[in-house]
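Enquirer: Below is the structure I would like to discuss, written out as structure tokens.
The values are calculated or read from the model by the stated rules, or taken from the named source; none is laboratory data. In this text the structure is predicted, and so the values were computed from the model without any measurement. Note that each Cβ is placed from the backbone with ideal geometry, even for glycine, and that neighbours are counted across all protein chains shown.
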Amino acid sequence: MRATLRKTIFFIAIILMAAAVPALSLASGAKPKAAPSAHPQLTDQEKLTPCAQCHKDATPDIYQEWYDSVHGIANVKCFQCHGTYENFRVEPNETNCAACHNKQYQKRPKGKKCWDCHPAHNFFVHK
């Protein structure tokens with residue numbers, strides 16, 4: 001069960017890292033790259049496979065970041081924050097954080113997203 005959690009966190013990390021790369025490239029003055037190709041089509045059976053199962057090989061750095069994080073250790077799955085294949089969101093809805101962290105969510109500075117202070121997938125330190 002712990003391996004499945006780590007796989008899920010890995011997938012989430014991959015997605016967040018993919019979203020951050022264009023912003024970092026622009027900040028460094030690099031020209032933006034073409035948008036990545038769409039996710040390959042999946043069969044109905046493949047859609048039932050945990051995201052991290054494939055993304056462990058596809059994006060190993062992000063997977064490892066999630067795997068070593070508090071969320072990885074706690075077996076938080078990708079879909080818990082990012083949705084399923086059918087309703088996937090690269091950037092989760094903040095209310096997803098409140099499902100497990102309601103007290104902290106209610107106390108957060110208004111106008112800030114949870115990951116503005118907590119690095120994506122790590123959740124170890126404040127910025």
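Enquirer: With the structure loaded, tell me whether residue 52 is crowded, with 17+ Cβ neighbours inside 10 Å, of a type in the set (Gly, Ala, Ser), out of contact with any His (no Cβ under 9 Å at 6 or more places or on another chain) and modelled with pLDDT of 85 or more or whether it fails that test.
Expert: Values: crowded, with 17+ Cβ neighbours inside 10 Å: yes; of a type in the set (Gly, Ala, Ser): yes; out of contact with any His (no Cβ under 9 Å at 6 or more places or on another chain): yes; modelled with pLDDT of 85 or more: yes.
Against the criterion (crowded, with 17+ Cβ neighbours inside 10 Å, of a type in the set (Gly, Ala, Ser), out of contact with any His (no Cβ under 9 Å at 6 or more places or on another chain) and modelled with pLDDT of 85 or more), residue 52 qualifies.
Enquirer: Could you grab me the full set of residues in region 75-93 that are without any contact (Cβ under 8 Å) to a residue 24 or more places away in the chain and either assigned to a helix (DSSP H, G or I) or of a type in the set (Val, Ile, Thr) (or both)?
Expert: None - no residue of region 75-93 is without any contact (Cβ under 8 Å) to a residue 24 or more places away in the chain and either assigned to a helix (DSSP H, G or I) or of a type in the set (Val, Ile, Thr) (or both), so the list stays empty.
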